[in-house]
1. For a quick check: with amide H placed at 1.01 Å from N, whose amide H comes under 5 Å from GLN232's, ignoring anything fewer than 5 positions away on the same chain?
2. Relative contact order for the stretch 47-203 using alpha-carbon pairs under 8 Å, separation at least 6, rounded to a whole percent?
3. Give me the 1.4 Å probe accessible area per residue for the chain, excluding ligands and nucleic acids, in Å².
4. Rank TRP227, TRP169, TRP253 by accessible area, highest first, at a 1.4 Å probe radius?
5. In vacuo Debye scattering of the stretch 128-260, one point per C-alpha: log10 I(q)/I(0) at q = 0.09 Å⁻¹?
6. Quick one, what does Rg over Rh come out to for the chain if you take C-alpha atoms and the Kirkwood Rh?
7. Filter the chymotrypsin sites (Phe, Trp or Tyr not before Pro) in the stretch 63-168 to those in DSSP coil with at most 12 other Cβ atoms within 10 Å of their Cβ, and list the result.
8. Mind counting lysine pairs for me in the chain? Cα separation below 21 Å, and the two need to be 8 or more apart along the chain or on different chains.
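The values are calculated or read from the model by the stated rules, or taken from the named source; none is laboratory data. Nothing here was measured: the structure is a model prediction, and the numbers come from that model. Note: ideal-geometry Cβ built from the backbone for every residue, glycine included; neighbour counts use all protein chains shown. Each accessible area value is taken on the protein alone, full model and side chains, heavy atoms only, with ligands, DNA and RNA left out. Shrake-Rupley method; radii C 1.70, N 1.55, O 1.52, S 1.80 Å.
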Amino acid sequence: MGERAPTWLTGLGIAVLLSPLAAFGFLRAFPQYDHQIIATHFHFYVVGFTSLAAALACAVVMASARTLSSTRLVFLGLAFFSVAGIFAVHGLDTPGFIHDEYYASLGVSAWLSAFAGSAFVALSVIGLPHRFEHIIEDNGKAVFGLAVVAIFAYIGLSIWEPTAHWLDWVPISSRTNQLAAGFAALALTAFAVWRYYQAYLFARLPSQLAMIATLVILLEVQVIIVWGKVWQLSWWFYHGLYGTAFLVLFAGWAIEVRRAGTLRAIADALSMRDALAQLNRGLQQPIVELVDAVEAKDRETFGHVRRVSGYAIAVGQRLGLAPQELRALGLAAQMHDVGKISVPSSILAKPGPLTAEEFAIIQSHTERGYEIAAKVRALSELAGVIRHHHEHYDGSGYPDGIAGDQIPPLSRIISVVDAYDAMTSKRPYRDVLSHDEALAEIVSLKGIQFDPGAVDAFVAVSGERPSGDRVERAA
C-alpha cells in the first residue's frame, strides 16, 4: 500500500467508484427504464443496515483511539454517529412500522443525515483556531457525549407519537431548500475528499485510501438525494450506496489492522494532521506532530529522532558548520525517518529477524522520506539528505549505493549518530550496547560505513562528556 498504484489500476478504481453515478445519470436521462419500485419493508431493512454500519464505524474509531483528545477523531466519530442516528429515523419512520402515516421527519432525516455527516467530516479535516482546538482536546469526551445526547433526542422526538410531528414545519419539499442543503453537503464532502487525498499522498496508508473511496461514494449518495425521484429505481441507488460506503471503509480498515498488527493503526492514520499543507504555509508545529506520528508507530524507538537530532547538532558544531547549516542539520535529523510512516508497525516492531521482503520494505523508508520531503517547501532542500542517510562511505549502502563525497555531508553526520543511537537503545531483536561498545563499533567501521571526519567529530564530542550524560531512552 505504500507504493504508487499503476495508472491503469487507479483509472479502473475511479471508474468502478463512479459507475453508480453513471448508471443513475442514464436512468434519469431515459426515464422509460427508471421503473417505480415501492417496497417499504425493503426500505426499512436497507436503511437499518446502513445505520448499524455507521454506528459500527463510530465504535471502531472510538475503540482505536488512545484518547478523545484528537479533534479529528472526535469529529469523525460524530460524523459516523450522526449518520447512524439520523438516518435510522429515516428507516424507523417508514410508514407501516412505528407509524402508519407519513411524517416530515422521514424526508428531513434523509437530507439531514447527509448534511450532518458531511459537516462533521469537514470539521475533522480543517485546522480549527487553537482556542477551540484546545477546548475540544481538553473536553473531548464531554463534546462527544453532548452531541450523542442531542442525536438521541432527535431520534426520540421523531419516533415518539406525541412529538412525532415536531418537524412538520420544516419546508423539506421546497426545491430551493433541497438544493441549498444538497450543494452544502456536496461542497463539505468534496473538501474532505481533497484533504484526505493530501494525507494519502503523504503517508499512503490503506485507511486513508478507504476514507477517500468512502467519501466519494457519499458524494454520489448526495447527488442522488438531490436529483433522484422517490421510489424510482434510480432513487434506490443511494440507499445501496450508503451501505456500500461503509463496507468499503471496513475493508480498508481491515487491511490497515492486518498490515500494522494493531487496531490503533486506524486512529493513527485518521488523526494524522494535514502536515504537508501546514508546512508549506511555513508552520513549524507539524514537524513535531510528524515526529510523534513516526515514533507512535514504533514504541521501541521512542525518543530516537530527538536524540539523533541532538547528537547531530553537537557533531555539526564540532565540525564548524555555520548556523544556517546547523539548523538544516537539526531539521533533517528530526525528519530522517519520516518515510517510516508508510511502514507497517508489525514490521518495525518485529522481535525476530526480518525476511528479505520485510527488509526491503524497511529500506523503502528512505525513498518515501525523499518523496515526502520533496513535496514540502520547508523540507525540499533537505530531501536528498533524508534519502541518503543510510548510504555507506564505501558505496555498499542504500537506496542508491553512492559513496564518499557523493553522499551529502549532512547525511554522513546523521548516519553516524543514527547508528550510535540504534546500538545504545533497546530493540526487539537485540540487547543494548554500552556507550563504549557502540563507540568501538563505529570506529571499527570508519572509512567503510561511516565518513572518517564525522566519526572523529562524534568521538571527540562523546569524549567531552561522561557517557551517562547522554539523553536516555524513554521508557
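1. The list, which skips near neighbours in sequence, is ILE37.
2. 28
3. 45
4. Numbers: TRP227 100, TRP169 185, TRP253 5 Å².
Accessible-area ranking of TRP227, TRP169, TRP253, largest first: TRP169, TRP227, TRP253.
5. -0.41
6. Over the Cα atoms of the chain, Rg/Rh equals 1.08.
7. Within the stretch 63-168, the qualifying chymotrypsin sites (Phe, Trp or Tyr not before Pro) (loop, at most 12 other Cβ atoms within 10 Å) are TYR102, TRP160.
8. Details: LYS297/LYS340; LYS297/LYS350; LYS297/LYS426; LYS340/LYS350; LYS340/LYS375; LYS340/LYS426; LYS350/LYS426.
Lysine pairs, 8 or more places apart or on different chains, close enough: 7.
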